[in-house]
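Written out below as structure tokens is the structure these notes cover.
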Amino acid sequence: MRRVSAIRGLDLHVELSPTRPARSLATALRAAILDGRLAPQSRLPSARSLAADLGISRNTVADVYAQLAAEGWLEARVGAGTWVSGHVPASVTGPVRSPKATRRLIDLRAGIPDATAFPRREWLAAVRQAMQHATVADLGYPDPAGTPRLRTALAGYLARTRGVIARPDSVLVGQGFGEVLVLICRALRARGARRIAVEAYGLPYHRQLVESAGLDVVPVPVDEDGADVEAIAATGADVVLLTPAHQFPIGVPLAAHRRRSLVAWAQASGAVVLEDDYDGEFRYDRRMIGALQALAADRVVYLGTASKAVAPAVGLAWAVLPDWLRPQALDERGLSGGQPSALHQLAMAEFIDSHEYDRSVRRYRGIYRARRIRLAEVVADRLPGCEVTGLAAGLQCLLRLPPDADERRVEQAAQRRGLRLAGLESFRADGASGVGWPALVIGYGGPTPGQYERALRLLTDSIREATGPR
């Protein structure tokens, strides 16, 4: 018999036997503690209220509480009720995982921003302002393209900071980069596109997303000038997905002559370029590279996200679409069955209009610049034969290893030390030619400020172990 009891305003589902309520309640509470439904230091309801909710006697509940307290599952506090213990005991239900098994690794993988720098106070202020000024219309069903206020704010911001040619009605807001990418690919598929060229090195997840939209993926080589445009043209692709400002993960920009060639090819062939500008605002050595979209707004779809400049939890991304693609993209939005919260969009619009988005970018830019400089210093001082390469930009860089190094051995050595790393090979598309040398893709956003120096020590120790005499 299943009963539901409200514990501090939350529903707790427990299985109670009509013939053995005490035993089944004790088993249900142990299970709820083990699987996390009852967290350590959670307060339980009084025996009287729990008994009333479950339809059993108060004495039965009191006896179960006493039994579990004796076993170490619960704590009875004088004058303060019954609480879940902070130390779950070993039990017949199953062994408790050891601290070693549950330790959290320090993450030096690419693409992970520093969540500790999230501007909590400023975001809260933006939420309050958005709610204070929200109209009745704002609280209704949102525009499928995104709230007009956010689209207006984004159009102005992108034009000012990235040189994007955008009007509010050309902006499409999504729940995240992946959702926007799939919508655009499906829209292009509906218009007849069949093949998409992608950089030989990139996020495997993005390749999976475009494949899920029905497009055949063809990888093209990447060298010191970025993606090979002649190879793109030779594929016969209808669409190409690129990271031209800062190639992910190799870290080079698309050279100026290739930018011109790419645009000329797209205009002549009628192909579409999807420009993933995932970290274009984070350039450290000199002036930022402008968006490719400004060279051919009718053939380039600009894609951006708030994940790196604010936090992934914000969960908003956007596309700037050519007029001819917008109707099909909105049709696909309707078929997707979802879109971002309008209230969340209003908060982001306020965050941008109050220039807190700019301040957040500058704050993160300073953090990542300092971390990249420190990484380069450590590599130069402690890792002979290794080199930090790629553009001084973004949240990651390429750390080239000695020619005979094994990326997998370095990853495993790091794992043993409590560090997560990713080798360059893990980003290579199936069937794509490799660069011919080993490297690690090092992200410097993931560790907390207090972890970063330790992460660098673990990194150097891991590389030394894996590349030393065998």
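The values are calculated or read from the model by the stated rules, or taken from the named source; none is laboratory data. This structure is a prediction, so every number in the text was calculated from the model and none was measured. Glycine gets a Cβ as well: all are built from the backbone with ideal geometry, and neighbour counts include every protein chain shown.
The table for this structure:
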quantity: Criterion (farther than 22 Å from residue 286 by Cα, among the aliphatic types (A, V, I, L, M) and in contact (Cβ under 8 Å) with a residue 40 or more places away in the chain) met by exactly one of 395, 401; calculated: 401
quantity: Filtered residue count, segment 411-440, keeping only those that are small (Gly, Ala, Ser) and under 16 Å from residue 464 (Cα atoms); calculated: 5
quantity: Spans of helices (runs of 4 or more DSSP H) in segment 135-221 with at least 1 residues more than 24 Å from residue 297 (Cα to Cα) and in the same structural domain as residue 287 (by TED's automatic domain parsing); calculated: 204-212
quantity: Failed condition for residue 167, given (1) over 30 Å from residue 425 (Cα atoms); (2) touching a Cys at 6+ places or on another chain (Cβ under 6 Å); calculated: (2)
quantity: Residue match in segment 279-292 (condition: part of a strand (DSSP E or B) and surrounded by 19 or more Cβ atoms within 10 Å (Cβ to Cβ)); calculated: yes
quantity: Qualifying residue in segment 401-408 (condition: small (Gly, Ala, Ser) and buried (at least 17 other Cβ atoms within 10 Å of the Cβ)); calculated: yes
quantity: Filter result (exposed (fewer than 14 other Cβ atoms within 10 Å of the Cβ), at negative phi and part of a loop (DSSP other than H, G, I, E, B)) within segment 10-66; calculated: 17, 18, 19, 20, 35, 39, 40, 57
quantity: Qualifying residue in segment 311-319 (condition: within 18 Å of residue 119 (Cα to Cα), modelled with pLDDT of 95 or more and assigned by TED's automatic domain parsing to the domain that holds residue 183); calculated: yes
quantity: Pair list, Cβ < 7 Å and 6+ apart or interchain, from segment 426-448 residues that are charged (D, E, K, R) to residues that are part of a loop (DSSP other than H, G, I, E, B); calculated: 428/200; 428/434
quantity: Members of segment 253-278 that are surrounded by 19 or more Cβ atoms within 10 Å (Cβ to Cβ) and farther than 18 Å from residue 237 by Cα; calculated: 253, 254, 277, 278
quantity: Whichever residue in segment 67-113 is modelled with pLDDT of 65 or more and polar (S, T, N, Q) and, among such residues, is surrounded by the most Cβ atoms within 10 Å (Cβ to Cβ); calculated: 82
quantity: Any hit, segment 417-438, residues being among the hydroxyl-bearing types (Ser, Thr, Tyr), within 26 Å of the chain's Cα centre (by Cα) and more than 24 Å from residue 202 (Cβ to Cβ); calculated: no
quantity: Condition met for residue 336 (among the hydroxyl-bearing types (Ser, Thr, Tyr), over 13 Å from residue 173 (Cα atoms) and in contact with a Pro (Cβ under 9 Å, 6 or more places away or on another chain)); calculated: no
quantity: Filtered residue count, segment 24-37, keeping only those that are without any contact (Cβ under 8 Å) to a residue 12 or more places away in the chain and either in contact with a Ser or Thr (Cβ under 7 Å, 6 or more places away or on another chain) or hydrophobic (A, V, I, L, M, F, W, C) (or both); calculated: 1
